[in-house]
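Below: one structure, written as structure tokens.
The values are calculated or read from the model by the stated rules, or taken from the named source; none is laboratory data. All values reported here derive from a predicted model rather than from experimental measurement. So basically every Cβ, Gly included, is an ideal-geometry build from the backbone, and we count neighbours across all protein chains shown. For accessibility, only protein heavy atoms count, side chains too; no ligands or nucleic acids. Shrake-Rupley method; radii C 1.70, N 1.55, O 1.52, S 1.80 Å.
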Amino acid sequence: MSKIIEGLYYAESHEYVRVEGEYGYVGITDYAQHELGNVVYVDMPDVDDDVTAGEDFGAVESVKAASDLISPVSGTVVEVNEALNDNPELVNSDPYENWIIKVQLSDAAEVENLMDADAYKAMINE
Amino acid sequence: MENKRTCLYDKHVALGALISPFGGFDMPIQYTNIVDEHNAVRQACGVFDVSHMGEVLVTGAESEKFVNYIFTNDIAGAPDGKIFYGMMCHPTGGVVDDLLVYKMAEQRYFLVINASNIDKDVAWIVEQAKNFDVTVENQSEKYGEVAVQGPNTEDIVECVLGIHCNDLAFYTCKEVEIAGETIIISRTGYTGEDGFEIYGSHAFTNEVWDKLLASGEVKPCGLGCRDTLRFEVGLPLYGDELADDITPLEAGLGMFVKFEKDFIGKEALLNQKAEGLKRKIVGIELKDKAIPRHGYEVEADGNVIGVVTTGYNSISTGKSVCMAMLDIDYTKMDTEVAVRIRKKVFPGNVTKKRFYDKNYKK
């Protein structure tokens, strides 16, 4: 059973964003990490790069395949999770604790286009 | 077209395997995860369902002459039980398939071919056989096959399966009578580890599978780690490193091509050798952990100079490495090249295409 956390916003492409004030922490869901299998590399953008909702900003690579990361929100990358450079498997062990990028949101209302926990749960159980 | 299923398909489903199409079959890619399965084979013992592989029996008065004519390696005068790796080539030198030839006995040769090429190979072999006194029989449906691989395999095959195997040298085989049928066991594999491949009826294959898993000493392993294992030790996969338009010389498999005998494609390969190769498969090690994958472009001096054939973050070494077909000017060891991965270009160096040492028992 995949873990889904209340209060986060979820995208159809299995990224989540956790909003704290003007910032959003973006990562992949537990369902996504499970589907991918062992994560061996996370391709992250640079700090100060702009990201746009619906566009890719990097990739998560399992042994077998690369999977694009689609940003659920727009804004500027203010921090990337450096720990993932040396320990990409952290995405497997706790994908919600181990967010991938921290974004300064340019449009806080964008999250309204995303799913809440219940809607995401319904989607992955379809 | 519906994919075929091996005789162990129901077992894979019951084990909760991730199933994906490969070579026209629905095959198990992983049961738990690729890393654990890979490590089980490197460190202990794993079993693979490789029943999708094709088997072709060639018999008849001219079988040795015929097999030697369609095969790049030289089987002339081989003792019974000897196994050879090599290629079947088109007249152009391109590879029809790579395969193992088992000399079972005088005038009886057992060819093991890739699942994805069974129809093509059988048609091609039958076509070449027209002018020879041989019988060609596709036995792919008849045989199930498991590959038991890893350093603990010999003891497990002896004790758990009760099949005497420690008399088999590397790349030899024998037939064994068990429960009223003749099975084939060979000291071969596709992982770089010691191990055996066992061919028998579907019922026998199911029994072997069940016994191995019930022992608790053998991990079921999917095609996912079969690929990471063979890749690390530089073994080619047809469709990646070999193809109808890639020659054995370009793939770096010249040691399995014997020019002192006649075979289809010899002239083209001799010409290619005389003129010098224009491209060749080498290894590349990246400085970063980004992963080069099949089809990604390789660049140098601002130009595209080749393409990745297989790449991984090597499970055994942790390095991001790949095999790639490169323009010959860039194939010297340590040449600086780069692989384009999504939007960025990652620098690396040309290396040998063996990233991990084989651990065979010779």
Open item on the list: I'm checking my understanding of the structure. Among residues of the range A:32-77 that are among the polar types (S, T, N, Q) and free of Cβ contacts under 8 Å to residues at least 60 places away in the same chain, which one is nearest to residue B:344 (Cα to Cα)?
Closed with: A:67
TODO: Could you tell me which residue of the range B:179-192 is farthest from the chain's Cα centre (by Cα), considering only residues that are surrounded by 16 or more Cβ atoms within 10 Å (Cβ to Cβ) and β-branched (Val, Ile, Thr)?
DONE: B:183
- [ ] Please find, within the range B:43-59, the residue that is nearest to the chain's Cα centre (by Cα) out of those that are open to solvent by 20 Å² or more (accessible area, probe 1.4 Å) and farther than 16 Å from residue B:6 by Cα.
- [x] B:57
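Determine if the range A:19-28 includes at least one residue that is without any contact (Cβ under 8 Å) to a residue 40 or more places away in the chain, open to solvent by 60 Å² or more (accessible area, probe 1.4 Å) and within 20 Å of residue A:5 (Cα to Cα). First the steps, then the outcome.
Here is the first cut: in the range A:19-28, the residues without any contact (Cβ under 8 Å) to a residue 40 or more places away in the chain are A:20-21.
Next cut, open to solvent by 60 Å² or more (accessible area, probe 1.4 Å) only: A:20-21.
Subsequent filtering for residues that are within 20 Å of residue A:5 (Cα to Cα) retains A:20-21.
Within the range A:19-28, one or more residues are without any contact (Cβ under 8 Å) to a residue 40 or more places away in the chain, open to solvent by 60 Å² or more (accessible area, probe 1.4 Å) and within 20 Å of residue A:5 (Cα to Cα).
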- [ ] Give the residues of the range B:318-329 that are more than 12 Å from chain A (Cβ to nearest Cβ) and at positive phi, sorted by residue number.
- [x] none
- [ ] Run down A:46, A:56 and say which single residue is in contact with an Asp or Glu (Cβ under 6 Å, 6 or more places away or on another chain), charged (D, E, K, R) and open to solvent by 50 Å² or more (accessible area, probe 1.4 Å).
- [x] A:56
Task: The lone exception for residue B:315 - which of (1) in contact with a Phe, Trp or Tyr (Cβ under 8 Å, 6 or more places away or on another chain); (2) within 14 Å of another protein chain (Cβ to nearest Cβ) it fails - done: (1)
Task: Residues satisfying the stated conditions in the range A:60-82, i.e. within 10 Å of chain B (Cβ to nearest Cβ) and crowded, with 20+ Cβ neighbours inside 10 Å - done: A:61, A:62, A:63, A:64
Task: Counted residues, the range B:83-131 - those being open to solvent by less than 40 Å² (accessible area, probe 1.4 Å) and not β-branched (Val, Ile, Thr) - done: 25
Task: Of the criteria (1) over 15 Å from the mean Cα position of the chain (by Cα); (2) within 11 Å of another protein chain (Cβ to nearest Cβ); (3) of a type in the set (Asp, Glu), which one residue A:89 fails - done: (1)
